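**Q** Submitted below is the structure of interest, expressed as structure tokens.
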Amino acid sequence: MTAASTRSCVAAIVLSLLLHIVALSGAWLVIPQPTPPAPPLEARLVRAPPEAAPAPPAPEPQRKPRPATPRRAAPAVPATTASTPIALPPPAAPAPLPLPVEPVATLAPPTQPASAAPQPEAPPPRSLPKKGSITYTLLLGSNLFIVGKTIQSWEIEAGTYKLGSVSETTGLADLFASQHLNSLSTGKITASGLRPETFLMSRKRRGEIEAAKADFHWDREQITLGRVPVQRIDQLPAGSQDMLSFIYQLALAPPSPGRLRLPITNGASLEIYELEVLPEENLETALGTLKSLPIRQLRRPGEESIEIWLATEYRHLPVRIRFINREGEPSGEQRMSEIHVSEE
């Protein structure tokens, strides 16, 4: 295969991926415009043209009235003119809208304790837009060369969520060191936030594909994970997340400054991340200067780590992600270039 045909194939794959992301994001939905109200209805009595007026009745011949059967008089009609409006019957009153049903807890007798009534599962304290996508520019090394892009998108419906991420190299980086990384997290939205059920990750580099999968069995407190096709079963700690869902879990429930521990899986293994939440700071972004909440993973010697900035004025969505290599130096960044959201 020639170099020209290779570039054509790569361009076709990139275009296909972008079309899938656009379809999932729902960012360009056309919002219908409201229909203008109809003009008020008004009726008036006007004089008919002379040619259309009915002929006056012929005069009755003089005869004696018959008292036994007197003619019934016609109902009196009020005098009108061309400018006198006819009084139309008032329109029927619209049916009242059904009132919202009060929660069971508020309808309980005063003497009944609130805990005795069954309580529905409350929604999380914060919410994400129903659909959305964030486009990031991928930068490499301390010099921050542009090497590709990442698109993260989500969709929320009926108490469930789907989170997807597509990363790919572009330009010269794609020619010399092509890499494509896809991940997908699905699960439910609970009072505590996101509760993942399945996480998939696949990476294509140097023509080879690596894949990993994790299934969360919350009822058994177990997780099945590992590189496909080899899988194993481990214990599932409470509050566990995956590499994609944990970022948006932090957006739904932003932590206070301090430290926290969070079990996170990348599909192949599950580790405890120690995170440090720093004070709010200003961050220069493609949308200007934004207030952001920086969160960094405490680095362990010889291991990689991550740093995240959540935009406090944009529902705590992640606007920058920095990767730290095993030597403790920045190896690359994802910087937000576009945000699209929709509530439809």
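The values are calculated or read from the model by the stated rules, or taken from the named source; none is laboratory data. This structure is a prediction, so every number in the text was calculated from the model and none was measured. Quick reminder, even Gly has a Cβ in these numbers, built from the backbone with ideal geometry, and neighbours come from all protein chains shown. Note: areas computed on protein heavy atoms with side chains; ligands, DNA, RNA excluded. Shrake-Rupley method; radii C 1.70, N 1.55, O 1.52, S 1.80 Å.
**Q** Could you check the simple spin-label distance between Thr312 and Leu175, using points 7 Å along Cα→Cβ, in nm with one decimal?
**A** Placing both labels 7 Å along Cα→Cβ, they lie 4.6 nm apart.
**Q** Rounded to the nearest percent, how much of the accessible area of region 243-335 (1.4 Å probe, protein heavy atoms only) is carbon and sulfur?
**A** Working: 1950 of 4340 Å².
Its accessible area is 45 percent carbon and sulfur atoms.
**Q** Quick one: net charge around His217, please, counting Lys, Arg +1 and Asp, Glu -1 for every other residue with C-beta under 15 Å from its C-beta. Mind dumping the intermediate values first?
**A** Values: positive: Lys188, Arg195, Lys213, Arg220, Arg232; negative: Glu197, Asp215, Asp219, Glu221, Asp234, Asp242.
Every neighbour counted, the sum reads -1.
**Q** How much net charge surrounds Gly267 when only the other residues with a Cβ under 14 Å from the Cβ of Gly267 are counted, with Lys and Arg +1 and Asp and Glu -1?
**A** Taking every Cβ under 14 Å from that of Gly267, the sum is -2.
**Q** FRET efficiency for Ser127 and Glu208, Cβ-Cβ distance as r, R0 = 45 Å, nearest 0.05?
**A** So, using R0 = 45 Å, E works out to roughly 0.70.
**Q** Using 11 Å as the cut-off for backbone N distance, which residues of region 289-303 belong to the label zone defined by a point 7 Å from the Cα of Glu274 along Cα→Cβ?
**A** 298-301
**Q** For region 160-266, report the accessible area per residue in Å² (1.4 Å probe, heavy atoms, rounded to an integer).
**A** 52
**Q** Grab the Cα-Cα distance for Ser192 and Ala238, subtract it from 0.36 nm times how many residues apart they are, and report the gain in nm with one decimal.
**A** On the way: separation 46, 0.36 × 46 = 16.56 nm, distance 1.11 nm.
Full-extension gain reported as 15.5 nm.
**Q** List, in order, the whole-Hz ³J(HN,Hα) value for each residue of region 182-199 obtained from phi through the Karplus relation with A = 6.51, B = -1.76, C = 1.60 and θ = phi - 60°; use x for Gly and Pro.
**A** Residue by residue, region 182-199 yields 10, 8, 9, 10, 10, x, 10, 10, 10, 4, 8, x, 7, 10, x, 10, 9, 10 Hz.
**Q** Computed FRET efficiency, Cβ-Cβ of Ile146 and Asn182, R0 22 Å: what is it to the nearest 0.05?
**A** Using R0 = 22 Å, I get an efficiency of 0.60.
**Q** Now for a separate question. At a probe size of 1.4 Å, how large is the accessible area of Leu283, to the nearest 10 Å²?
**A** So the heavy atoms of Leu283 present about 10 Å² to solvent.
**Q** Taking amide H atoms as placed 1.01 Å from N in the peptide plane, list the residues 5 or more away in sequence, or in a different chain, whose amide H sits under 5 Å from that of Ser192.
**A** So Ser192 has HN proximity to no qualifying residue.
**Q** Another question, if that's okay. Quick check: pseudo-label points 7 Å beyond the Cα along Cα→Cβ at Arg326 and His217, how many nm apart are they?
**A** 3.4
**Q** Which residues' amide hydrogens lie under 5 Å from the amide hydrogen of Ser331, considering only partners 5 or more residues apart or on another chain, with H built in the peptide plane?
**A** Sorted by chain and number, the residues that satisfy this are Phe323, Ile324, Asn325.
**Q** So, one more: Heads up, I need the accessible area for Glu303: 1.4 angstrom probe, whole protein in place, Å², nearest 10.
**A** 70
**Q** Classify region 230-328 as rounded, prolate or oblate, taking a ≥ b ≥ c as the square roots of the eigenvalues of its Cα gyration tensor: rounded when a/c is under 1.5, otherwise prolate if a/b is larger than b/c and oblate if not.
**A** Taking the square roots of the gyration eigenvalues as a ≥ b ≥ c, region 230-328 is prolate.
**Q** Let me ask something additional. Treat every Asp and Glu Cβ in region 230-339 as -1 and every Lys and Arg Cβ as +1, leave all other atoms uncharged, and give the resulting dipole magnitude about the Cα centre to the nearest 20 debye.
**A** Numbers: 12 positive and 16 negative charges, 37 e Å.
Around 180 debye, computed over region 230-339.
**Q** Counting Lys +1, Arg +1, Asp -1, Glu -1, what net charge surrounds Gly302 among other residues with beta carbon under 15 Å of its beta carbon?
**A** Details: positive: Arg299, Arg300, Arg326; negative: Glu271, Glu303, Glu304, Glu327, Glu329.
Cβ neighbours under 15 Å give a net charge of -2.
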